[in-house]
Amino acid sequence: MRKSSVVSVHEFLQIWLSMAKQKKLQRVLVACSGGVDSVVLLRMLASLQSSLSLQLVVGHVHHGLRETANRDARFVQELAEQLHLPAEIEYVHLQDISIQHRRGTEADARHLRYQALLRMAEKYQCDAIAVAHHADDQVETVLWRLLRGAYLSGLQGMQAESVVPQSHMRLLRPLLSFSKQAIEKTAQQNGWSWVEDESNQSLRFLRNRLRQRVLPELRAIEPNVSEIIGRFTAMVREENDWLNDWAKQLFNTYITYDETLSAYHLSTNQWIELPIPLQRRAIHLLLTCFPTEINWTARHVEDLRKLASSKDPSAGIDLPGGFLAWRIYSQLWVGPRPRFLNTKRQTVREVLLNEGEWADELGWIWRLTRHHISNLVSGNDWGWTVHLPPEIHSLSIEDCNRSWRVKTRVGSKKIQDLMTDSKLPKMLRAAWPVVKAGDWLWIPGLYSSSRIHSKDAEIARWTLQTIPPKHVQSLLQAEECRILWRRDKEE
C-alpha cells in the first residue's frame, strides 16, 4: 500500500501506464456509483484523458434497493455531462435472479452489477472496465473471505488487473494501492463533491460490520494493518501461482473430461499417493473449470479430497449449484448432477418378434434380427447380444427387480448380488434393463439363461442386441467393473 496522503496525478499516471503496457487502452468504461472513490477515479482519468489519448464512458448501475438510488443516478449523469463524457445507466432487479441461484443481497447485487457493466462495455466496444476498489477494500475482502471459509487462492485478495467473471473483459483497479483516507483527502482538496450511500452504515451486512467495527479495532492494535495485509496478499499470490503451475501438470496427467456427462473424472489409485497440498490445489483447479460464479471454499475442496480417499466405492456428496461428486469404485467423478439419476422406465415394453431397431425412453438402443448363429460375427460394435430360444414369440423389457433370483451353475443368486459381483456402478442399477419371456431371462452384460449348443449353429434364430446410452458407457470405465463390451456368455 502506498503511504501517500493523497492520490497524486503522477502516481496515478504511472499506475495507469503500467496497466496499459500489456495491451493498449483506447476506450474504457469507468464504473461510477457517485461515491467518493468512484468520483476520484473518474475525475483522475478525465484529467488525463487527452494526454493518454483515452476515450471514457461512464457506467452506472441502478439497483433500485434504496430510496436515494434515483438521486445517485442523477448525480452521475450530471457529473458525466460536466466532464463532457457519454454516460450509460442500467437498471437491474434482484428478483431477476431465480430462487435457486440466489446467494444473498450483497452477492446477488454484485453479480448483477458486473453483468450490467459488462453489457455496457461491450455496447461501447471498450477495452476494459475501471473500478474504484482501494487498499481498505482489500483488507475487508481478505477478512470477509477468511470468515467465509475461502480457499487459499481467495486470500490473495483482489488484483489490480483481472477479468470480469465469465468473460475476457479486463477489469482494472488503479486505486487499489491507495487508502480510503487518501482518496477522501484528494476529493476534499480539489473540491469534488460526491454522494453518500446510506446503506454503507447498515450493520446488516457483514462487510459493513467489518468496516465499522473490526477494522477500527485492528488499526488500534496495528496502525499499518492495511500495509501488512497488502504484503500478505502479494506473497499469497506468488505462492498461489507457483502451486497452480504444479497443479496444472497434475490436472493434465490425472484428470479427464467426459463430454457426455460434462464431468471430470480421475483414478484414485495413484491420486491418493500424491502430496495432499497438491491434491487440494488440483481439485480446486477442477472446480474452477466449471462456468459458474460459485465461490468454491476450502470446505468444498477438502470434502472432495476426502471423497477421493474414501473406502466407500459408491460414496457421493452434493455440491452447490446443482453439482455432484460421486465415486464409482476407483474413479471420482465431479460434474452437474446427471439427469438420469433416479429415472426409471415408466412402463414395461412388450415386443413382438419382428426385425427392427428402436430406442427406449432411457436411451438404450435395441435391435432384433433373424439369421443363422454361425453368421453372427462375435465382437461386433453392437455391445451385448443374446440368441433367443426357439419357443419365444414375444418378450418384455423392464427395469430390474434386484430381489429376483436367477439360476446359476451352482444354484441361484439374487440379481443384486450379481450386480455387486460384476461391480456394476450403483447409480445405474435401478434402471438396468431385464428382458423376460416366461421363465427365460436376459440381463445385458450380466446374465443370460440361454444356452446354445453347437448343433444349433446352423439353425435360424432370433437375436436381440442392445447398446446402452453414452453416459452408461462412460460410467463403465472403472478398472474394477467386470462388465465388458462383448457378446454375453451363455450361462
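Please treat every number below as a calculation from the coordinates, not as lab data. Keep in mind the model is a prediction, meaning the values are calculated, not measured. Reconstructed Cβ throughout: ideal geometry from the backbone, glycine too, with neighbour counts over all protein chains shown.
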Checklist entry - Using the Cα gyration tensor of the range 164-234, with a ≥ b ≥ c the square roots of its eigenvalues, what is the shape: rounded (a/c below 1.5), prolate (a/b larger than b/c) or oblate (neither)? => result rounded
Checklist outcome for this item: Rounded to the nearest 10, the angle in degrees between the Cα long axis of helix 225-254 and the longest principal axis of the Cα atoms of the chain comes to 20 degrees
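In the chain, what percentage of the DSSP-assigned beta bridges are antiparallel, given to the nearest 5?
Details: 55 of 72 bridges.
Of all bridge pairs located within the chain, approximately 75 percent are antiparallel.
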Checklist outcome for this item: Once phi for every residue in the range 51-64 is put through the Karplus expression 6.51 cos²θ - 1.76 cosθ + 1.60 (θ = phi - 60°), the whole-Hz ³J(HN,Hα) values, with Gly and Pro written as x, are 5, 9, 6, 10, 9, 10, 10, 8, x, 10, 10, 9, 7, x
Checklist entry - Taking only C-alpha pairs under 8 Å that are 6+ residues apart, what is the relative contact order of the range 1-152 in percent? => result 28 percent
Checklist outcome for this item: The set of residues whose placed amide H lies less than 5 Å from the amide H of Leu171, leaving out same-chain residues fewer than 5 positions away, is Ile129, Ser162, Val163, Val164
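Shape of the range 132-180 from its Cα gyration tensor (a ≥ b ≥ c, root eigenvalues): rounded if a/c is under 1.5, otherwise prolate when a/b > b/c, or oblate?
Details: a/c = 2.65, a/b = 1.13, b/c = 2.35.
Cα axes put the range 132-180 in the oblate bin.
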Checklist outcome for this item: Quick numbers on the chain, Rg and Dmax over C-alpha atoms in Å, give 31.7, 104
Item to check | Area projected by the alpha carbon convex hull of the range 245-336, averaged over all directions, nm² | outcome: 5.5 nm²
Checklist entry - Tilt of helix 69-82 relative to the longest C-alpha principal axis of the chain, in degrees (0 to 90, nearest 10)? => result 60 degrees
Next on the checklist: For Lys436, give me every one of the lysines with a C-alpha distance below 26 angstrom, ignoring sequence neighbours fewer than eight places off in its own chain.
Outcome noted: Lys344, Lys407, Lys413, Lys414, Lys423, Lys426, Lys455, Lys470, Lys489
Item to check | Helix 36-48 vs. the chain, principal-axis angle (Cα, 0 to 90°, nearest 10) | outcome: 80 degrees
Checklist entry - How about Lys185: which lysines have a C-alpha closer than 23 Å to its C-alpha, ignoring those fewer than 8 places off in the same chain? => result Lys3
Item to check | Peptides 327-338, 28-39 ordered by average Cβ neighbours within 10 Å, highest first | outcome: 28-39, 327-338
Item to check | Packing-based order for 83-93, 192-202, using average beta carbon neighbours within 10 Å, highest first | outcome: 83-93, 192-202
Checklist entry - Using alpha-carbon pairs under 8 Å, 6+ residues apart, how would you state the relative contact order of the chain in percent? => result 12 percent
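Below 8 Å, C-alpha to C-alpha, sequence gap of six or more: please give me the relative contact order for the range 245-336 in percent.
Numbers: 120 pairs, mean separation 27.4, N = 92.
Averaging sequence separation for qualifying contacts and normalising by length gives 30 percent for the range 245-336.
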Next on the checklist: Please state the shape class of the range 48-197: rounded when a/c is under 1.5, otherwise prolate if a/b exceeds b/c and oblate if not, all from the C-alpha gyration tensor.
Outcome noted: rounded
